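Computed from the coordinates by the stated procedures, all read-outs in this text should not be read as laboratory data. Fair warning: this is a prediction, and the values are worked out from it, not measured in the lab. With ideal geometry, Cβ positions are generated from the backbone for all residues, glycine too; neighbour counts draw on all protein chains shown.
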Amino acid sequence: MVSLDKAVIARLDRGKLHFEVLVDPELAQKVLGDETDVSEALATDSVFKDSKKGELASENDLKDVFQTTDVIEIAKQIIKEGKIQLTTEQRKERETQLKKRLVEHIVRNSMNPKTKTPHPPARIEAALADARFHPSLFRPFDQQVKEALDAIRPLIPVSMEEIKVAVKVPPVCVGKAYGRIREFGKLLKEEWQPDGSVICLINLPAGMQNDFFDQVSAITKGEAELKIV
């Protein structure tokens, strides 16, 4: 359960009946995209007809509308089909956070297909502004990533891709570099050499290319060999 101090009202109207649950607005956004469990977003385990007055919804009304009295199932429907009430300040703050998250996701997972290099965050931000793209707090995140990409593609070349990088780490650097390399992406293959060096084939989001190269070079003091394959 989340803190009541941070909770806002999620409300669903069905005819003359009103149903409310108290939720964390950020976690409720993740529920929309099935990124977290509903129970993680709730501040209480109650369904209200008026949360400000502390009036609970009746079991009969819950059964009639939702065909269940299970709070988790009901809360999921309220969050996904209803509205989450935010103050102007809360809305602006959440929209800023969501926009930042969208930009970071696109930068991390996309590239310029013409140059095969990542786009810097400022370029993605500018393209979203030029496209007049406004993120919504009440649509699934993955859906908005697709909408954002569709909006900026007429303005800049961008594609969501992954790349494969072969890395050869010399023996003296294996201890420091091996674990860090594996954290960056999916290890597709590794070959340990007779001299103690290791060759790894890593699959990672295209936007992480520069960061990956920089960090591996820093850890190995420029001794590692890296190549996109």
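Observations, loosely collected:
- A straight Cα-to-Cα reach below 15 Å connects K168 with the aspartates and glutamates E190, E191, D195, D214, E223, E225, residues fewer than 8 places away in its own chain not being considered.
- With one equal scatterer per alpha carbon and no solvent term, the Debye-computed log10 I(q)/I(0) for the chain at 0.11, 0.12, 0.16 1/Å reads -0.73, -0.80, -1.02.
- For the residue pairs K30/K146; K49/K83; K30/K53; K164/K186, the alpha carbons lie more than 18 Å apart in K30/K53.
- Projecting the Cα positions of Y178, V65, I199 onto the charge dipole of the chain (unit charges on Cβ atoms of Lys, Arg, Asp and Glu, taken about the Cα centre) puts I199 furthest along the positive direction.
- Helix 88-109 and the long axis of the chain differ in direction by around 30°, with both axes built from C-alpha atoms.
- Positive minus negative residues near V8 (Lys, Arg vs Asp, Glu; Cβ under 13 Å): 0
- Springs join every pair of Cα atoms under 10 Å in this Gaussian network model of the chain, and among A148, A41, A57 the largest mean-square fluctuation is at A57.
- In Hz, Karplus ³J(HN,Hα) per residue of the range 42-51 (6.51, -1.76, 1.60; θ = phi - 60°; x = Gly, Pro): 7, 9, 9, 9, 10, 10, 9, 9, 8, 5
- Seen against the Cα atoms of the chain and their longest principal axis, helix 121-130 is set at about 50 degrees.
- Between helix 71-81 and the chain: long-axis angle, C-alpha atoms, 0 to 90°, nearest 10: 80 degrees
- Only helices enter this figure: runs of n ≥ 4 DSSP H residues, each worth -39500 (n - 2.57), summed and divided by the residues of the chain, yield -12500 deg cm²/dmol at 222 nm to the nearest 500.
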